[in-house]
Amino acid sequence: MTTIVRFTFILLYLCVALFDATNVSANDILDLSIENELLESELALSQKAKVYFIFNLKDKKVSMRTRGATLKELPIVKVKAWNLRIPVKPQALLKRSTLFEPRREDIKPQEKETGSSDKFEIDALELDDMPSRFNLILADGVVITVRPTPRGVLSYLENMGYSLFWHISRPLLTAWDFLGKKPYSSIYISMEKMDAQSLYWSFYEGSQCIIYNP
Amino acid sequence: MNKLFTKKWLLIIVIPLSIFLLAEGFGCYIAFFGHKKGSEPAVNSKGRERQLKELRSKNAALKSRVDSLSPRGINIVVDTARNVLYLKKGNRTIKEAVVSCGSGNVLEDPSGKKKWIFDTPRGEYSVKSKLINPDWIKPDWAFIEEGEAIPQDSNDRVENGVLGKYALGFGNGYFIHGTLYSRLLGRNVSHGCIRVGDKDLEELFRVTPVGTRLTII
């Protein structure tokens with residue numbers, strides 16, 4: 001009796017192991033197919049003398065790349081995706097939208113200071129002037145929302161509120177765009193403030209990117 | 001009174017709430033179930049192994065094709081956001097230097113005919129020229145900015161000593177050059193050129209031949 005029970009257990013274990021092995025193989029095929037899609041898309045982009053971006057949602061990072069070489073990597077702290085079933089293909093940034101767009105200073109020659117002063121202020125468009133809360137609107141109805149990681153209680157509460165709004169509004173936007181026969185996908189990315197500003201600085205209208213979300 | 005209240009309550013809260021919940025549910029349905037699922041072809045384990053092998057070899061080929069495009073020798077990367085220049089050999093950084101890139105300011109010709117935006121151009125370039133003790137041929141904007149009249153004689157445009165000991169030209173009048181304002185290195189203050197400190201510039205000039213790839217981000 002004990003032998004039969006033991007034999008049944010061994011048989012069951014072997015069946016599970018065999019099923020698991022075939023399953024792993026199927027996952028490997030899927031993972032490799034998606035990775036190959038990414039590489040094919042990257043190969044197309046890297047032929048051009050332009051900087052492109054890879055939003056790697058799996059490894060949580062945004063890579064700025066050119067000709068297959070990484071120029072800069074910006075870590076993503078938190079990522080959420082909604083209705084994201086888009087192919088791993090190059091996509092162009094159509095628009096960056098933010099509440100307060102950075103403004104360029106106009107140089108007024110007549111107002112130029114002539115005397116030397118210890119207090120020297122630079123009027124320039126610098127990284128600090130870039131927003132850290134913005135939306136990146138891509139072709140194919142993909143919207144990437146970038147927010148800074150919260151610092152302090154108020155910022156944390158504000159972030160929680162926005163997160164709630166994001167979750168509530170996504171189905172409504174999906175339904176609205178579905179009725180308008182337009183695709184809609186959304187990604188929420190939380191980054192360190194300076195990284196978010198760097199992304200705004202470098203990723204401008206017309207730039208190409210690939211979203212990798214295996 | 002009670003009836004009226006119930007009706008009002010229905011109108012004000014229940015109906016909009018129902019519409020909202022319906023729309024939410026509809027949106028969720030589309031997001032989670034509204035996609036056509038790709039059916040996985042029934043393949044036996046041998047078929048899968050063959051498929052996996054093919055995918056692996058394709059993966060390796062694609063990786064090597066992408067890698068083959070990346071620079072092998074000396075190349076320069078300039079991060080205009082952080083005002084840092086990276087001198088690289090292949091993908092390895094061999095030197096970092098603090099620089100000054102374009103201020104992004106706007107200057108308009110008083111006549112309103114011309115406008116300059118002082119950005120450092122971004123993209124891929126190459127070192128086109130190497131100059132020792134370069135003279136600055138002051139463009140129109142330099143005179144307009146200083147509130148001076150634009151000279152008719154081209155000799156009046158030449159100014160020496162302001163660009164440092166060396167300059168590397170990368171096209172359209174843009175240079176990597178030295179600066180008299182080394183205390184402003186690390187800030188966006190230039191008119192589009194890339195200003196580098198004396199020591200870093202000397203090394204950069206020494207190791208970069210004409211044709212070196214320059215990527216500005």
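We did not get these values from a lab; they are worked out from the coordinates using the rules stated. None of these values were measured; they are calculated from a predicted model. When we count neighbours, we look across all protein chains shown, and the Cβ atoms used for this are built from the backbone with ideal geometry, even at glycine.
Going by C-beta contacts inside 10 Å, put B:Val158, A:Val62, B:Val77 in order with the fewest on the left.
With the sparsest Cβ surroundings first, the list reads B:Val158, B:Val77, A:Val62.
Once you average over the residues of B:104-111, how many Cβ atoms of partner chains fall within 10 Å of each Cβ?
4
Say R0 is 45 Å: what FRET efficiency, to the nearest 0.05, do B:Tyr29 and A:Ile122 get from their beta-carbon distance?
0.25
Sorting A:Arg104, B:Arg183, B:Arg122, A:Arg147 on the 10 Å Cβ count, fewest up front, what's the list?
B:Arg183, A:Arg104, B:Arg122, A:Arg147
Let me confirm one metric for peptide B:116-122, namely the mean number of other chain beta-carbon atoms within 10 Å of its residues' beta-carbons.
On the way: counts 1, 2, 5, 2, 0, 0, 6.
Mean partner-chain Cβ count within 10 Å for B:116-122: 2.
If you add up the charges near B:Ala23, with Lys and Arg at +1 and Asp and Glu at -1, over every other residue whose beta carbon is less than 13 angstrom from its beta carbon, what do you get?
With Lys, Arg at +1 and Asp, Glu at -1, the neighbours total -1.
Give the residues of the stretch B:61-98 whose amide nitrogen is closer than 16 Å to a point set 7 Å from the Cα of A:Met194 in the direction of its Cβ.
Output list for this probe position: B:79-85, B:97-98.
Based on the mean of other Cβ atoms within 10 Å per residue, sort peptides B:45-52, A:152-159 so the most packed one is first.
Answer by packing, highest mean first, reads B:45-52, A:152-159.
Give the calculated FRET efficiency between A:Asp106 and B:Leu10 to the nearest 0.05, with a Förster radius of 56 Å applied to their Cβ-Cβ distance.
Details: r = 57 Å, r/R0 = 1.03.
For A:Asp106 and B:Leu10, the calculated efficiency is 0.45.
With chain A treated as a Gaussian network of Cα nodes joined by springs under 10 Å, which of A:Asn27, A:Asn135, A:Asn83 yields the largest mean-square fluctuation?
It is A:Asn27.
What average count of beta carbons from other chains do you get within 10 Å of the Cβ of residues in B:62-70?
Per residue, the average neighbour count from other chains is 6.
Among A:Asp128, B:Asp200, rank each residue by its count of other Cβ atoms within 10 Å, from fewest to most, as a rough exposure measure.
With the sparsest Cβ surroundings first, the list reads A:Asp128, B:Asp200.
Farthest toward the dipole's positive end in chain B, which of B:Ile19, B:Thr120, B:Gly173, given Cβ charges of +1 (Lys, Arg) and -1 (Asp, Glu) about the Cα centre?
Towards the positive end, the residue furthest out is B:Ile19.
Work out the charge dipole of the stretch B:74-216 with +1 on the Cβ of Lys and Arg and -1 on the Cβ of Asp and Glu about the Cα centre, then indicate which of B:Gly164, B:Thr208, B:Asn83 is farthest towards its positive end.
Most positive-ward Cα: B:Thr208.
Mind checking the stretch A:123-214 for trypsin sites (Lys or Arg not before Pro) that DSSP puts in a loop (not H, G, I, E or B) and that have at most 11 other Cβ atoms within 10 Å? Walk me through the numbers on the way to the answer.
Details: sites: A:Arg133, A:Arg151, A:Lys181, A:Lys193; in loops: A:Arg133, A:Arg151, A:Lys181.
Qualifying residues, ordered by number: A:Arg151, A:Lys181.
When ranked by the protection proxy of mean other Cβ atoms within 10 Å per residue, highest first, what sequence do the peptides A:49-58, A:160-169, B:85-94 form?
Descending packing order for the listed peptides: A:49-58, B:85-94, A:160-169.
Taking chain B as the reference, fit the longest principal axis to its C-alpha atoms, fit the long axis of helix B:15-33 to the helix C-alpha atoms, and give the angle between the two in degrees, 0 to 90, nearest 10.
Taking Cα atoms only, the helix is inclined about 70 degrees.
Of the peptides B:210-216, A:28-34, A:95-101, how do they stack up when ordered by the mean number of other Cβ atoms within 10 Å, highest first?
Working: B:210-216: 18.7, A:28-34: 15.6, A:95-101: 12.1.
So the peptides B:210-216, A:28-34, A:95-101, ranked by packing, come out B:210-216, A:28-34, A:95-101.
If I stretch the segment between B:Ser182 and B:Leu21 completely, what's the gain in nm (0.36 nm per residue apart, minus their alpha carbon distance), one decimal?
Numbers: separation 161, 0.36 × 161 = 57.96 nm, distance 6.16 nm.
Gain on extension, B:Ser182 to B:Leu21, equals 51.8 nm.
Could you compute the FRET efficiency for A:Arg151 and A:Ala49, with r as their C-beta to C-beta distance and R0 at 45 Å, rounded to 0.05?
That gives a FRET efficiency of 0.70.
Per the Debye formula with a single identical scatterer at each Cα and no solvent contribution, what log10 I(q)/I(0) holds for chain A at q = 0.10, 0.13, 0.19 Å⁻¹?
-0.61, -0.86, -1.41
Run through the stretch B:114-217 and list the GluC sites (Glu not before Pro) located in a DSSP loop whose Cβ has at most 14 other Cβ atoms within 10 Å.
B:Glu146, B:Glu148
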